[in-house]
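K.L.:
Once you've had a glance at the structure underneath, I'll fire off some questions.
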Amino acid sequence: LYNKQTDAVQKSLRTLSEPDIADILIQLDTQTCAKLFRLIQKTRAADIFALLPIDTQEALLSHLREKEVAEVLNELEPDDRVELLEDVSDELLEKFMGLLHPVTLEETEQLLAYPEESIGREMTTRFITVQSNWTASRVIDHIRETGEAVARFDLVYAVDDDNKLMGYVELKTLLLANSKDVMRNIMKTRPITLSPYDDREKAVNVMNKYDIPVLPVVKENEELIGIVTFDDVAEVAIEEFTEDVHKMGVMHATVVIKY
């Protein structure tokens with residue numbers, strides 16, 4: 001990439017979707033990948049980085065300056081950051097953890113403390129909570145104020161003063177409600193929940209059974225500590241499907257042999 005091409009390349013990148021940019025980065029050698037990555041808008045860089053395979057992420061970070069690495073690591077969604085850190089060497093783990101902001105570091109250490117392949121490793125701690133006595137109008141205002149910092153808000157969760165989960169409301173319901181409607185009157189109670197210690201496969205099974213793309217994660221005392229989305233456990237779902245297809249193939253082959 002030459003300096004005279006920089007503006008043209010940046011303009012081109014702005015017209016491409018994040019998955020398309022990730023596909024381009026994957027095909028480049030590491031040095032060129034790093035040069036192109038530096039031209040991506042900072043507001044999009046972490047989201048694009050999260051779409052890269054782990055080995056590409058590690059190689060890319062090794063070619064970025066320490067300040068750039070810190071920016072990427074701190075902007076990643078908690079579950080995406082954990083997925084990367086649990087795969088690196090102990091030496092890199094120590095280095096990367098040292099680049100995290102104090103709050104981000106504490107958040108990351110908490111997630112890494114959960115067992116491998118557990119929901120705790122996959123959940124994000126960035127979500128929106130409201131009080132059950134808030135009006136629909138106040139909840140919508142709260143979403144506008146805080147929504148930029150969260151992963152998604154398909155569902156808005158109501159908690160009590162101790163952060164215990166009381167219920168949830170779908171965004172569609174919230175938008176169609178009267179502005180003066182109170183959360184406790186429009187929210188659904190007894191939400192289906194997961195424990196951070198549950199296996200990832202349980203999340204896939206529960207989401208499929210109840211057709212819910214997002215599930216709250218709670219402690220034993222019902223304190224809401226995170227959410228997990230189908231996107232977070234999609235890889236597990238694909239693995240299960242592949243195994244099922246493989247088993248069906250084996251069964252079919254066995255039947256053919258018998259006959």
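The values are calculated or read from the model by the stated rules, or taken from the named source; none is laboratory data. Here the structure is a predicted model, which is why all the values come from computation and not from measurement. Methodologically, a virtual Cβ is constructed for each residue, glycine included, from the backbone with ideal geometry; neighbour enumeration extends over all protein chains shown. We work out accessible area using only protein heavy atoms, side chains counted, and drop any ligands, DNA or RNA first. Shrake-Rupley method; radii C 1.70, N 1.55, O 1.52, S 1.80 Å.
K.L.:
When you go through Leu92, Leu28 one by one, which is the residue that is farther than 21 Å from Arg126 by Cβ and touching a residue at least 12 places away in the same chain (Cβ under 8 Å)?
P.N.:
Values: Leu28 fails: touching a residue at least 12 places away in the same chain (Cβ under 8 Å).
Criteria check complete, one pass: Leu92.
K.L.:
Spot the failing condition for Ala149; the list is (1) open to solvent by 60 Å² or more (accessible area, probe 1.4 Å); (2) touching a Pro at 6+ places or on another chain (Cβ under 7 Å), and only one is missed.
P.N.:
With (1) open to solvent by 60 Å² or more (accessible area, probe 1.4 Å); (2) touching a Pro at 6+ places or on another chain (Cβ under 7 Å) applied to Ala149, the lone miss is (2).
K.L.:
Where residues in region 1-53 are of a type in the set (Gly, Ala, Ser) and over 27 Å from Pro78 (Cα atoms), which of them is nearest to the chain's Cα centre (by Cα)? Walk me through how you get there before you give the answer.
P.N.:
Looking only at region 1-53, we keep the residues that are of a type in the set (Gly, Ala, Ser), and these are 8, 12, 17, 22, 34, 45-46, 50.
Next cut, over 27 Å from Pro78 (Cα atoms) only: 8, 12.
Numbers: Ala8: 32, Ser12: 27 Å.
Only one residue fits best here, namely Ser12.
K.L.:
If I ask for residues that are in contact with a strand residue (DSSP E or B) (Cβ under 7 Å, 6 or more places away or on another chain), of a type outside the set (S, T, N, Q) and open to solvent by less than 20 Å² (accessible area, probe 1.4 Å), which ones from region 122-142 would you list?
P.N.:
Those that are in contact with a strand residue (DSSP E or B) (Cβ under 7 Å, 6 or more places away or on another chain), of a type outside the set (S, T, N, Q) and open to solvent by less than 20 Å² (accessible area, probe 1.4 Å): Met123, Ile128, Val130, Val139.
The rows are residues; the columns are (1) under 23 Å from Gln110 (Cα atoms); (2) touching a residue at least 60 places away in the same chain (Cβ under 8 Å).
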site	(1), (2)
Asp141	no, no
Thr146	yes, no
Val159	yes, yes
Gly167	no, no
Lys172	no, no
Lys188	no, no
Leu194	yes, yes
Asp198	yes, yes
Val206	no, no
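Quick grid of which residues meet (1) out of contact with any strand residue (DSSP E or B) (no Cβ under 6 Å at 6 or more places or on another chain); (2) on the phi > 0 side of the Ramachandran plot; (3) at pLDDT 85 or above:
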{"position": "Tyr157", "(1), (2), (3)": "no, no, yes"}
{"position": "Leu171", "(1), (2), (3)": "yes, no, yes"}
{"position": "Asp231", "(1), (2), (3)": "yes, no, no"}
{"position": "Glu243", "(1), (2), (3)": "yes, no, no"}
{"position": "His246", "(1), (2), (3)": "yes, no, no"}
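K.L.:
Cβ-Cβ below 9 Å, separation at least six or inter-chain, first residue in region 55-78 and farther than 16 Å from Ile40 by Cα, second of a type in the set (Gly, Ala, Ser) and assigned to a helix (DSSP H, G or I): which pairs?
P.N.:
Close Cβ pairs satisfying both conditions: Thr56/Ala22; Ala59/Ala34; Ser62/Ala34; Asn74/Ala46; Glu77/Ala46; Glu77/Ala50.
K.L.:
Give the number of residues within region 143-155 that are out of contact with any strand residue (DSSP E or B) (no Cβ under 6 Å at 6 or more places or on another chain) and closer than 16 Å to Leu215 by Cβ. Spell out the reasoning first.
P.N.:
Let us first name the residues in region 143-155 that are out of contact with any strand residue (DSSP E or B) (no Cβ under 6 Å at 6 or more places or on another chain), namely 143-150, 152-153.
This time we only want the ones that are closer than 16 Å to Leu215 by Cβ, so: 150, 152-153.
Residues meeting the conditions: 3.
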